[in-house]
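Student: Okay, handing you the structure first.
The values are calculated or read from the model by the stated rules, or taken from the named source; none is laboratory data. Bear in mind that the values here come from a model prediction, so they are computed numbers and not experimental data. Here Cβ is always computed from backbone atoms with ideal geometry, including for glycine, and neighbour counts include all displayed protein chains.
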Amino acid sequence: MRRLTPEAVRFLAGPAARAELAALAGEPLYPLAALAALRKRWGEGEAAWLYDQAVLRRRARGKFPEADALLFEAEALEQASAWPVARWRAEQVFGPYERVADLGAGIGGDALALAAAGKRVLAVERDPVRAAILEHNVAALGLAGRVEVVRGDLRGIALDVEAAFADPARRREGRRSVRLQAMDPSFAELAGLAGRVPAVAVKLAPALDKAELPPEAGLGFVSLDGELKEALAGLGELAWAEPWAAVLPAGARLHGPEADPLPTGEPLRYLYEPDPAVIRAGLVRRLGRELEAAQLDPEVAYLTAEVLRSTPLARAWEVLEHGPFRQKTVAAWLAAHGAGGVEVKRRRSPVEPAVLEKKLRAALVSGGPVLTLFLTRIAGRPWAVLGRRP
Ligand SMILES: C[S@@+](CC[C@H](N)C(=O)[O-])C[C@H]1O[C@@H](n2cnc3c(N)ncnc32)[C@H](O)[C@@H]1O
């Protein structure tokens with residue numbers, strides 16, 4: 001993609017470019033034909049900027065509401081928070097605060113969500129292209145009255161706010177990292193804000209090393225559609241005393257401390273796989289208590305119970321078969337249940353799911369249901385469980 005400049009953003013935000021982009025939004029986008037047509041009406045540079053925006057808007061539709069009214073930059077779009085997570089955070093984490101700073105706002109994934117949730121937002125961005133796009137996006141969504149965009153370095157900004165959010169870039173010198181000090185700005189720099197702003201929350205990679213966090217920081221994990229999206233470290237008034245997990249889009253929450261060990265044993269009638277946010281927050285046993293469930297093994301995040309309790313915090317399967325893992329045995333189970341497909345999941349098993357799925361194909365019949373095969377360990381023994389979604 002052609003590198004954007006502030007001049008390109010001015011051009012793209014103008015009425016003629018907006019009309020061209022609106023026309024492109026409704027058509028299939030064939031690269032050669034679209035570029036050739038644009039070049040007939042525009043110069044080489046303008047045609048490339050328009051074409052790239054049309055591509056980026058399509059990519060952004062899954063991430064931003066009203067993507068067809070907004071402008072994007074490729075890397076900033078990749079880094080932007082998913083809208084349901086940003087909205088949830090704005091409402092649930094920053095709920096009590098009226099004036100919130102978004103420090104390193106990019107093209108606005110979070111600043112727009114905070115403003116849409118009714119906050120007055122101070123959005124700081126040092127990259128001139130992103131700041132220009134942010135200003136455009138704020139106006140395009142009719143939020144200019146609520147968002148003040150400040151172009152500059154967050155370290156030199158006066159912060160007259162009640163709370164601050166930061167989503168530091170996870171790349172330095174082009175390399176992706178989950179180390180807190182490798183972020184840009186570093187976690188230490190952001191934690192320093194806690195003295196100047198009453199409440200601070202910092203979005204981090206879910207794979208962070210928890211030991212790198214200062215002991216006073218609170219920590220939670222957020223998932224969306226079963227995928228772990230982010231860790232959130234809280235400082236000052238947001239230094240949560242207990243770890244928590246939030247599961248979206250349901251908005252279900254679980255918080256710690258982790259419960260005492262659960263009873264352990266072989267699968268009962270139902271098997272639960274806790275949501276990844278619950279697992280990462282270290283709250284599997286707490287969830288087990290809520291579900292009145294046992295754990296297959298103290299080291300394995302699978303729960304089991306006789307009675308099914310519906311919860312967004314875990315997925316459940318009806319147990320059809322279980323026993324020590326042998327390929328021949330599980331193939332016979334699949335055949336006996338007339339399975340048409342098998343999805344293999346594993347925890348603490350060395351077997352490669354994709355390899356086993358391939359080997360089990362011969363046991364499947366066409367038109368049968370897709371069943372799930374869990375490979376795990378119970379009391380040190382390799383164990384298999386065949387399940388069906390209830
Ligand atoms: C991961 S992006 C933010 C994405 C944003 N939360 C969203 O959802 O669209 C981080 C941004 O912080 C900006 N940034 C990094 N260090 C900064 C600093 N010291 N001052 C201001 N902005 C900074 C980068 O330019 C980048 O756009």
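Student: Which residue is nearest to PHE187 (Cα to Cα), if the candidates are limited to segment 79-107 and must be away from the ligand (no atom under 12 Å from the Cβ) and among the charged types (D, E, K, R)?
Tutor: Across segment 79-107, the extreme among qualifying residues is ARG99.
Yes or no, residue by residue, for (1) more than 16 Å from the ligand (Cβ to nearest atom); (2) touching a helix residue (DSSP H, G or I) at 6+ places or on another chain (Cβ under 6 Å):
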site	(1), (2)
PHE187	no, yes
ALA217	yes, no
GLY220	yes, no
LEU232	no, no
LEU235	yes, yes
ALA246	yes, no
ARG253	yes, no
PRO261	yes, no
TYR270	yes, no
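Student: Among the candidates ALA47, ALA101, ALA33, ALA37, which residue alone is assigned to a helix (DSSP H, G or I), among the hydrophobic types (A, V, I, L, M, F, W, C) and surrounded by 17 or more Cβ atoms within 10 Å (Cβ to Cβ)?
Tutor: Matching residue, one of ALA47, ALA101, ALA33, ALA37: ALA47.
Student: As an exercise: evaluate ALA131 against (1) of a type outside the set (Ser, Thr, Tyr); (2) at pLDDT 95 or above; (3) away from the ligand (no atom under 11 Å from the Cβ); (4) surrounded by fewer than 24 Cβ atoms within 10 Å (Cβ to Cβ) and give the number of the one condition it does not meet.
Tutor: ALA131 satisfies all of (1) of a type outside the set (Ser, Thr, Tyr); (2) at pLDDT 95 or above; (3) away from the ligand (no atom under 11 Å from the Cβ); (4) surrounded by fewer than 24 Cβ atoms within 10 Å (Cβ to Cβ) except (3).
Table: residues versus (1) more than 21 Å from LYS119 (Cβ to Cβ); (2) within 20 Å of the chain's Cα centre (by Cα); (3) among the hydroxyl-bearing types (Ser, Thr, Tyr).
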position: PRO168; (1), (2), (3): no, yes, no
position: ALA188; (1), (2), (3): yes, no, no
position: LEU193; (1), (2), (3): no, no, no
position: PRO198; (1), (2), (3): no, no, no
position: LEU208; (1), (2), (3): yes, yes, no
position: GLU216; (1), (2), (3): yes, no, no
position: SER223; (1), (2), (3): yes, yes, yes
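Yes/no per residue for (1) modelled with pLDDT of 90 or more; (2) within 23 Å of LEU77 (Cβ to Cβ); (3) loosely packed, with under 15 Cβ neighbours inside 10 Å:
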site	(1), (2), (3)
LEU141	yes, yes, no
ALA144	yes, yes, yes
ARG155	no, no, yes
ALA163	yes, no, no
ASP167	yes, yes, no
GLY174	no, yes, yes
LEU180	no, no, no
ALA194	no, no, no
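Student: Under 8 Å between Cβ atoms, which residue pairs at least 6 apart in sequence (or on different chains) link something in segment 348-366 that is more than 27 Å from ASP297 (Cβ to Cβ) with a partner that is of a type in the set (Val, Ile, Thr)?
Tutor: LEU364/VAL342
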